[in-house]
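In what follows, a structure is listed as structure tokens, so that the remarks can point back to it.
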Amino acid sequence: MTSRARGEVIAALLVVALFCAVVGPVWWRRWQDGTLGTAPVPAPVSPVVTPSVAGQRAATVVRVSDGDTVILRLSGRETTVRILNIDTPETQKAGTPVECLGPEASRALASLLPVGKAVEIAHDGPRKDRYGRTLAAVWADGRLVAEQMAKQGWSGAAVVSRADTWYAPVAAAQQEAIAARRGLYDPSIPCTLAGQTATRVTSLRVEAATTPAQLEARRRRLTTAIAQSEALRASLAPPDSQLSAIQRQRHPAAWRYARVRELDGALATARAALR
């Protein structure tokens, strides 16, 4: 036997020995317990458990009032609950017209909280608002309802009556909806703030013009577009006295103010073209 052949034999024997050392004990144990030749049983998967929240109380859905208000049966009594940390378009506020996507937001909440649904609620700060509604966070199937509404794009994140314990996940869900352009943040829906802003910003674009006729046509178009955009800006911009509160309390108007800044940039470019 040559040296090369002898080396190959030794290598093969080492592989066999290593295989027996690793696999042999496993086969021996399975032969002893009678499981050799059967498929191994997978390890049980631990169920996902939603951490309980201190002070949670059980309730049952009676009906949905609007996108951020639900009637619950709590301790045997019907209770109107204003859901914390979201703000949806109005549908039932006296003296206020039905707002863009308000009915859609109400239907979205109704799908999360159908009649008879068992839920849990918890308070955070004041128990009542100025309208006498109970202020509470609501969970269904272990999920924070406000977070689900924000993620779908039906609401803005808001600090309601200084309650901010569950604000962070709702704000993160809102940012996800904004990035995905869902619901209220979909610029393809004309009535949304995103849609109105996109339309006005597009109208303020400054196209090239060289001849006197082109320059005059651009001047007329931009003059009209600036007037329309300034009107939209005035309806969106909160009074200066509110700005610190908006930034400090994370008011839903912060989203509107971001659109104001977007309009301001387009307006500045359009005005410069008219000089």
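Structural remarks
- The range 87-108 - residue that is modelled with pLDDT of 90 or more and of a type in the set (S, T, N, Q) and, of those, farthest from Arg57 (Cα to Cα): Thr91
- A search for C-beta distances below 9 Å between a residue of the range 52-73 that is buried (at least 17 other Cβ atoms within 10 Å of the Cβ) and any residue that is among the basic types (Lys, Arg) and not in a strand (DSSP E or B), counting only pairs 6+ apart in sequence or on different chains, returns Val61/Lys117; Val64/Arg107; Asp66/Lys93; Gly67/Arg107; Thr69/Arg133.
- Yes/no for Glu147 being within 27 Å of Arg233 (Cα to Cα), outside the structural domain of Gln228 (by TED's automatic domain parsing) and assigned to a helix (DSSP H, G or I): no
- Leu84 being surrounded by 14 or more Cβ atoms within 10 Å (Cβ to Cβ), out of contact with any Lys or Arg (no Cβ under 7 Å at 6 or more places or on another chain), modelled with pLDDT of 95 or more and more than 13 Å from Leu135 (Cα to Cα): no
- Matching residues in the range 203-230 - criterion: being assigned to a helix (DSSP H, G or I), of a type in the set (Val, Ile, Thr) and exposed (fewer than 14 other Cβ atoms within 10 Å of the Cβ): Thr223, Thr224
- Matching residues in the range 148-160 - criterion: being touching a residue at least 40 places away in the same chain (Cβ under 8 Å) and not aromatic (Phe, Trp, Tyr): Met149, Ala150, Gln152, Ser155, Gly156, Ala157, Ala158, Val159, Val160
The values are calculated or read from the model by the stated rules, or taken from the named source; none is laboratory data. The structure presented is a predicted model; accordingly, all values stated were derived computationally and were not measured. Virtual Cβ from ideal backbone geometry, glycine too; neighbours counted across all protein chains shown.
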